[in-house]
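Here the structure is laid out as structure tokens; the discussion comes afterwards.
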Amino acid sequence: TVVTASRMKDSYRYIPNTSFGTGERIEYRVQYGFINAAEAKVEVGNQVVRVNNRPCYRVNVTGRTVGAFDLVSRVRDQWRSYIDTSAILPQMFQQNIEENKFRKQETLTFNHGSDVVYQENKGEKKSFKVPDNVHDVVSGYYFLRTLDFDRFSDGQLVEVPTFFSGEVYPMRVRYRGKETIKTKFGKIRVIKL
């Protein structure tokens, strides 16, 4: 059977995923010396939702300054990505940025069939031609988590096309092997990136 390029664009890729799922929650605390400076939360919603008629994980990423740092440089940022559960591609991305007096609210809608991203910012709408299987900054991180790093050699570079602020950037990560580290939870085997 011969598959034409136009026929291939009608279907999505399939990425096996055993690295994350609904209900996952990760919290970070940023310290400057002994002072808490900021906190961040990354949460995968408890339910799969539909966006662009596709089942998606809803991933919320929030970041904020705390304590004395909040008085000097107030940050209240939120990013939300709706990531296709089988293709591990974004269907929609929203960001609400509040950093001191700077404000930005933006929604991106991805059409992977035609490789176009639609951007809406303050009522203004634009469209951008993008590479095949392009990501937003959040979905790109989750896609990287699905890779089988046993198949990578030390020093190998992974590049993921990522759309951000009206441009495509190559999100680059270099694989540096595996290691076992000591933590307050005991020894943990890790991948170095």
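For the reader, a short list of remarks on this structure follows.
- Counting the residues of the stretch 161-189 that are touching a residue at least 24 places away in the same chain (Cβ under 8 Å), among the hydroxyl-bearing types (S, T, Y) and in a strand (DSSP E or B) gives 1.
- Enumeration of residues in the stretch 142-160 that are among the hydrophobic types (A, V, I, L, M, F, W, C) and not in a loop (DSSP other than H, G, I, E, B): F143, L144, F149, L157, V158, V160
- Members of the stretch 84-108 that are among the basic types (K, R) and free of Cβ contacts under 8 Å to residues at least 12 places away in the same chain: K101, R103
- Test: S139 is among the polar types (S, T, N, Q) and either surrounded by 13 or more Cβ atoms within 10 Å (Cβ to Cβ) or assigned to a strand (DSSP E or B) (or both): yes
- Taken as a whole, the condition of being open to solvent by less than 70 Å² (accessible area, probe 1.4 Å), hydroxyl-bearing (S, T, Y) and touching a helix residue (DSSP H, G or I) at 6+ places or on another chain (Cβ under 9 Å) applies to S114.
- Scanning the stretch 72-96 for residues that are crowded, with 21+ Cβ neighbours inside 10 Å, of a type in the set (S, T, Y) and in contact with a Phe, Trp or Tyr (Cβ under 7 Å, 6 or more places away or on another chain) returns a single hit, S81.
The values are calculated or read from the model by the stated rules, or taken from the named source; none is laboratory data. Note that the structure is a prediction, hence the values are computed from the model and not measured. Counting neighbours? That spans all protein chains shown, and the Cβs are built from the backbone with ideal geometry, glycine included. For accessibility, only protein heavy atoms count, side chains too; no ligands or nucleic acids. Shrake-Rupley method; radii C 1.70, N 1.55, O 1.52, S 1.80 Å.
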